[in-house]
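A short write-up of the structure that comes next.
The values are calculated or read from the model by the stated rules, or taken from the named source; none is laboratory data. Bear in mind the structure is a predicted one, so any value in this text is a computation, not a measurement. Cβ coordinates were reconstructed from backbone atoms using ideal geometry, including for glycine residues, and neighbour counts include every protein chain displayed. Just the protein is used for accessible areas: all its heavy atoms, side chains included, with ligands, DNA and RNA removed. Shrake-Rupley method; radii C 1.70, N 1.55, O 1.52, S 1.80 Å.
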Amino acid sequence: MKSPIFRILPVLAMACSLSQVLAQEPSIESGADRPRIGLVLGGGGARGAAHIGVLRELERLRIPIDAIAGTSMGAVVGSLYASGKTPDELEHLVLSIDWADAFVDSARRRDLTFRRKQDDSDFPVKLELGVKDGEVRLPKGLIQGQKLQLILREQLLHVSNIDDFDQLPIPFRAVASDIESGEPYVMSSGDIALAARASMSAPGLFSPVMVDGRTLVDGGLMGNVPVDAIRDMDVDIVIAVDVEFPLYPPEQLHSALEITEQMLTILIRKETRRQLDGLGEDDILIRPDLGVYGSTNFSQISETIGPGEAATVAKTTELNRLSMSETQYAAHVAGRGVRNLDSDVIEFVRVIDGGPLSPKVLQARLKTESGDNIDAASLAADAERLYGLNAFESVGYRVVTEEGKTGVEFETRAKSWGPDFLKFGISLEDDFEGSTVFNFASRLTKTGINALGAEWRNDLQIGTEPRFESEFYQPLSFDSRYFVAPRLELAQRNLKDFADDLSIARYRVSEAEFGLDIGREMGRWGEFRLGAFRGAGEARVKVGDPLLQNIKYDEGGVFARLSIDTLDDAQIPKEGSRAGIEWLLARPGLGADGNFDTFQSSVDKVWSWGRDERNTMQFGVEYSTTIRSDTRVQDFFRLGGFLRLSGLERGGIIGPHAGLARLMYYRQLGGNRGFLDMPVYMGASLEAGNVWQSRSDISIRSLIVNGSLFAGIDTYVGLLFLGAGFAETGESSFYLFIGDPRR
């Protein structure tokens, strides 16, 4: 017979094992009886990256999340996490994004059509105005958010065919503010990328977003931590994360701007406080200690993730009661998987056009076709290609499933301040010796005139060299490959005449010309034109010998021109090329008063190196010659001026033949954005060239060597240069220059 002690030992062992199991098991069950947990992620701009740290720590503690609601940056992080992204993937994403570029609307120059590249080169002022119903209009926000939206679309592509946000791996709600009604608007279905983008549309900074016929802006206006939205998702326990910017103490309120910011924060915090006051005893509030880290400080966004983790660790005791076992949590995570679309085949492609162009015009520019696999990079490239038409406020895409077929839908949204647009340009050249050239130019483009995408472009320039040019651009097919373009030009310019290197006269040349061009668009990199023209002009003597006669002349002829532009930036390029070749033939039989043939060519090549490609070299060559001529001074070629033999005055030498070679180096200084958010450059140039009265005079020995030193700023109105030019003959010039001196 066993002793009583041996009878008790198995019972004690079982009790010990049970106590260990109970100690390891979480306080909630993984079945249907466990409480549903909802996560609320508040808005705060760059401060919202702290949500990533919170999510990482919640996963480490094995806290199951059954629903997510977010506002502004909280909606962005929340939508990505709800779609199946991990905290590590989210951290990699926010650290890899070029945030300075993401908040710039302009399409990459390589994605612009050639005509839009011409706008960019000729009219560099960054402000674009719209003309609608006879009124001049401004955009509704400084930023349209196109690049940011494409980032969201790429990251959410795998769930873009899910219309009901409850069908996401984690049910999700994005909260925005209806600017018309002044009420919060909770988005539970539709386009998830657009919903996240709408939720973070800070008024005045980002343009509003149209969703379901509503004009939506940042959800933070109606409450920065949307507890009410998560309550409506039938949750039992709420975990709320507040990353709102704190109020300034009195000693930090030094300016009207800071007081205005404080006022807005107070107004937003009032509703936020009401929502947070509604949290119950079982709910948990997490407030990362971010201090006065700025909501716009995206350049140091990684600094917010650690405080998010630390604030969650501080709540470990409260969170532990919600924790699952490793086995239960693994099963919970596995149950919220999402199907990968990468292997799916596209069965149809369509365009929903909300702009002035025919959907067939847009369809012709897409490279995505039926039979292709779904690829985020290719779809984004197509969207950027459409955005490069510069006719839309935004261009988006999403994967859709209809009648069992998978397709891609591109949607364009017309510019609210269009459909016609005004661009501006300013050029100024002052040599500090009394010679000043100033011009102000504008371009009005009327778009979408017909189904093929015709444009009517009118340029007006006032100042030293007034000019008016009107061109009607009519594509001959939906892909805009071939076109016709009737045009009219009126212009005036100054011209100096020389004899034995001495200026003997200054003429004021007035010209009028009309023509008809036909051409072909060479992709986005170039254009080829053939044209016929007819015109007349007069060169009137303004300064010089009174015996000199005014010159009246007729023009008429044909030309062929090839233009190429692959520069990444029209003002301060870091890579790419620009080239032009033109042959012009004038004959009496075509309306000219004499025989006149010219050939002009120019090539510029740009390349960069070093950290962030801050060092840049440009090499350019120009050659112009008169093949057959009755010697007309008004058609001679000019050299002299900044970067065109910098030591000489502007137009200081003139002749029927001209050549120029230029090597230019410049380096970007300081941070990526530079002085007042404008890049600053220092550089130097070496130039060699001359003009000749006869082609037989052309030789290397006859070249004049010049050089320059300069400082430049890429401003909002174009390049601003301050430079000094030097010639081998001892001449020197100083310049203040706005515009492109190479043109």
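Compare the Cα positions of F432, L95, I698 along the charge dipole of the chain (+1 at Cβ of Lys, Arg; -1 at Cβ of Asp, Glu; about the Cα centre) and return the one farthest towards the positive end.
I698
Taking K552 as the anchor, which lysines have their alpha carbon closer than 17 Å to its alpha carbon, excluding any fewer than eight residues away along the same chain?
K496, K542
Any idea how far the Cα center of region 437-471 sits from the one of region 140-167, in Å?
36
Translational diffusion coefficient, Stokes-Einstein: compute it for region 145-225 using the Kirkwood radius over C-alpha pairs as Rh, at 20 °C and 1.002 mPa s, and state it as an integer in µm² s⁻¹.
Values: Rh = 12.7 Å.
Once the numbers are plugged in, D ends up at 169 µm²/s.
With θ set to phi - 60°, apply the Karplus curve 6.51 cos²θ - 1.76 cosθ + 1.60 along region 117-129 and write out the HN-Hα couplings as whole Hz, x wherever there is a Gly or Pro.
With the stated coefficients, region 117-129 comes to 5, 4, 4, 4, 6, 7, 10, x, 4, 6, 6, 10, 9 Hz.
Contour minus end-to-end for M617 and I462, with contour as 0.36 nm per residue of separation and end-to-end as the Cα-Cα distance?
Working: separation 155, 0.36 × 155 = 55.80 nm, distance 3.36 nm.
So the chain would gain 52.4 nm between M617 and I462.
So what are region 592-632's ellipsoid semi-axes, whole angstrom, largest first, if each one is the square root of 5 times an eigenvalue of the alpha-carbon gyration tensor? Before the final figure, lay out the partial values.
Details: eigenvalues 323, 8, 7 Å².
Semi-axes, largest first: 40, 7, 6 Å.
For A491 and S477 in the same chain, what is the full-extension length gain: residue separation times 0.36 nm, less their Cα-Cα distance, in nm?
1.8 nm
Which of the peptides 647-656, 516-525, 442-451 is most tightly packed, and how do the rest follow, judged by the mean count of other Cβ atoms within 10 Å per residue?
Packing order, densest peptide first, comes out as 647-656, 442-451, 516-525.
Output needed: percent of Cα pairs per 10 Å distance bin for region 624-669, bins running from 0 to the one holding the longest distance.
Result, from short to long distances: 25, 42, 23, 8, 2, 0 percent.
Return the long-range amide H neighbours of I143 (sequence gap of 5 or more, or a different chain), with a cut-off of under 5 Å between placed amide H atoms.
Answer set, sorted by chain and number: F206, S207.
Roughly to the nearest percent, how much of the accessible area of region 688-743 is carbon and sulfur, given a 1.4 Å probe?
The nonpolar share, carbon plus sulfur, comes to 64 percent.
Can you compute the radius of gyration and Dmax for region 288-418, using only the Cα atoms, both in Å?
Here Rg and the maximum Cα pair distance are 22.3, 61 Å.
Expected output is a single nm value to one decimal: the length gained when fully extending between F599 and A711, i.e. 0.36 nm times separation in residues minus the C-alpha distance. What is it?
37.0 nm
With every protein chain kept in place and ligands, DNA and RNA left out, what is the accessible area per residue of the chain? Probe 1.4 Å, answer in Å².
Details: 33990 Å² over 743 residues.
About 46 Å² of surface per residue is accessible.
Cross-link list K367/K446; K574/K605; K132/K423; K147/K367; K117/K423: which exceed 18 angstrom alpha carbon to alpha carbon?
Over 18 Å Cα-Cα: K367/K446; K147/K367.
Residue farthest toward the positive end of the dipole of region 83-150, with Cβ of Lys/Arg at +1 and Asp/Glu at -1: which of T86, L112, L142?
Result: L112, furthest along the dipole toward the positive end.
Between S255 and W525, what is the spin-label point distance in nm, taking each point 7 Å from the Cα along the Cα→C-beta axis?
If labels sit at S255 and W525, their model points lie 4.6 nm apart.
Could you calculate the FRET efficiency of T316 with I266 from 1/(1 + (r/R0)^6), where r is the beta carbon distance between them and R0 is 41 Å, rounded to 0.05?
Plugging the Cβ-Cβ distance into 1/(1 + (r/R0)^6) gives 0.80.
Residues with amide H under 5 Å of I704's amide H, sequence separation 5 or more or different chain, H placed in the peptide plane at 1.01 Å from N; which?
G689, N690
Give me a comma-separated list of calculated 3J(HN,Hα) values for region 647-658, in order, Karplus coefficients 6.51, -1.76, 1.60 applied at θ = phi - 60°, integers in Hz, x for any Gly or Pro.
x, 9, 5, 4, x, x, 9, 8, x, x, 9, 8
Taking a quarter of the surface of the Cα convex hull of the chain, what do you get in nm²?
In nm², the orientation-averaged hull projection of the chain is 44.3.
Given the protein chains as shown and a 1.4 Å probe, how many square angstrom of E411 are accessible, to the nearest 10?
80
Based on the mean of other beta carbon atoms within 10 Å per residue, what is the order of 609-618, 191-200, most packed first?
191-200, 609-618
Ignoring ligands, DNA and RNA, please state the percent of accessible area on region 71-214 from carbon and sulfur, probe 1.4 Å.
51
7 Å from Cα along Cα→Cβ at both L669 and Q693: what's the point-to-point distance in nm?
If labels sit at L669 and Q693, their model points lie 4.5 nm apart.
Out of all Cα-Cα pairs in region 172-314, roughly what percent, to the nearest whole number, are more than 19 Å apart?
59
Using the Cβ atoms and a cut-off under 11 Å, what net charge is assigned to the surroundings of G556, where Lys and Arg are +1 and Asp and Glu are -1? Mind showing how you got there, number by number?
Values: positive: R534, R587; negative: E513, D554, E555, D593.
Counting the neighbours of G556, the net charge comes to -2.
Dipole of the chain (Lys/Arg Cβ +1, Asp/Glu Cβ -1, origin at the Cα centre): which of Y293, G730, L548 lies farthest to the positive side?
L548
Using the Karplus curve 6.51 cos²θ - 1.76 cosθ + 1.60 with θ = phi - 60°, work out ³J(HN,Hα) for each residue of region 611-616 in order, rounded to whole Hz, and write x for Gly and Pro.
With the stated coefficients, region 611-616 comes to 4, 6, 6, 7, 9, 9 Hz.
Sort 178-184, 39-45 by the packing proxy (mean of other Cβ within 10 Å over each peptide's residues), most packed first.
Details: 178-184: 13.7, 39-45: 29.9.
In descending order of packing, they fall as 39-45, 178-184.
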